[in-house]
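Take a look at the structure below.
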Amino acid sequence: MQLVVARIGRAHGIKGEVTVEVRTDEPELRLAPGAVLATDPADAGPLTVESGRVHSGRLLLRFKGVNDRNAAEALRNTLLIAEVDPEELPEGEDEYYDHQLIDLDVVTEDGTEVGRITEISHLPHQDLLIVERPDGREVMIPFVEEIVTGIDLTEQRAVVAPPPGLLDDRAEVVSPKDDRA
């Protein structure tokens, strides 16, 4: 199975290094020197990682055969794709690859059907599960432990404990002013 692990950004310096936007929790494994990565667009690769380093909080990579700024700049916005065994699991106990979560049924803790996961949105502060409801509408569920209480890959389902208003329009607004008596 192929997974996008990074997107190439702008060239850095004049010797062929590029910045990368990391899209994997395991960059030390997927973007290590010697890693051979497919690309999108396909005619840009495959690319072999020659070296990598962190500079000012950004990962910089150099690829074999990319020796100057012009060649590096030509790779801008190219996606880097790693081949991953579909049975491989992430290192952490409560970590999942996107492909493991896509198409899971989503139910509440009492068994009420919510929908099916169609996409994972990776945001800077947290991930969101994009869930298609049975009526075709979409709902975004924050992928945090307090709301997504369980993932069962064997049963192909995710269990959620949604706060009021997340799945419907009946949010309860509680204000300290309501306690005046």
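The values are calculated or read from the model by the stated rules, or taken from the named source; none is laboratory data. These numbers were taken from a predicted model, which means no experiment stands behind them. Quick reminder, even Gly has a Cβ in these numbers, built from the backbone with ideal geometry, and neighbours come from all protein chains shown. SASA here: full protein model, heavy atoms, side chains in, ligands and nucleic acids out. Shrake-Rupley method; radii C 1.70, N 1.55, O 1.52, S 1.80 Å.
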### Task
Considering every residue within the stretch 54-66, establish whether at least one is part of a loop (DSSP other than H, G, I, E, B), in contact (Cβ under 8 Å) with a residue 60 or more places away in the chain and basic (Lys, Arg).
no
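It is to be established whether one or more residues within the stretch 104-120 are closer than 30 Å to ASP43 by Cα and open to solvent by less than 30 Å² (accessible area, probe 1.4 Å). Let's see the steps before the verdict.
Keep residues of the stretch 104-120 that are closer than 30 Å to ASP43 by Cα, which gives 118-120.
Subsequent filtering for residues that are open to solvent by less than 30 Å² (accessible area, probe 1.4 Å) retains 120.
Checking the stretch 104-120: at least one residue is closer than 30 Å to ASP43 by Cα and open to solvent by less than 30 Å² (accessible area, probe 1.4 Å).
Only one of ALA42, ALA71 is open to solvent by less than 50 Å² (accessible area, probe 1.4 Å) and not acidic (Asp, Glu). Can you tell me which?
Details: ALA42 fails: open to solvent by less than 50 Å² (accessible area, probe 1.4 Å).
ALA71 is the lone residue from the list that is open to solvent by less than 50 Å² (accessible area, probe 1.4 Å) and not acidic (Asp, Glu).
So, in the stretch 8-31, exactly how many residues are of a type in the set (D, E, K, R), open to solvent by less than 60 Å² (accessible area, probe 1.4 Å) and at pLDDT 90 or above?
Start the filter on the stretch 8-31 by keeping residues that are of a type in the set (D, E, K, R), which leaves 10, 15, 17, 21, 23, 25-26, 28, 30.
Filter once more, keeping what is open to solvent by less than 60 Å² (accessible area, probe 1.4 Å): 17, 26, 30.
Among the residues that remain, those that are also at pLDDT 90 or above are: 17.
Result for the stretch 8-31: 1.
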### Message
Checking GLY34 against (1) in a loop (DSSP other than H, G, I, E, B); (2) small (Gly, Ala, Ser); (3) open to solvent by less than 30 Å² (accessible area, probe 1.4 Å): exactly one of these is not met. Which one?
### Response
(3)
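Give me the residue from the stretch 1-31 that is part of a loop (DSSP other than H, G, I, E, B) and basic (Lys, Arg) and, out of that set, farthest from the chain's Cα centre (by Cα). Can you show your working first?
In the first step, residues of the stretch 1-31 are kept if they are part of a loop (DSSP other than H, G, I, E, B); the result is 1, 13-16, 23-26, 31.
Narrowing the set further to residues that are basic (Lys, Arg) leaves 15, 23.
Details: LYS15: 30, ARG23: 6 Å.
Of everything passing the filter in the stretch 1-31, LYS15 is farthest from the chain's Cα centre (by Cα).
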### Query
Restricting to the stretch 22-62, what's the tally of residues that are more than 16 Å from THR78 (Cβ to Cβ) and among the hydroxyl-bearing types (Ser, Thr, Tyr)?
2
### Query
Would the stretch 53-75 turn up any residue that is closer than 30 Å to ARG10 by Cα and of a type in the set (Phe, Trp, Tyr)?
yes
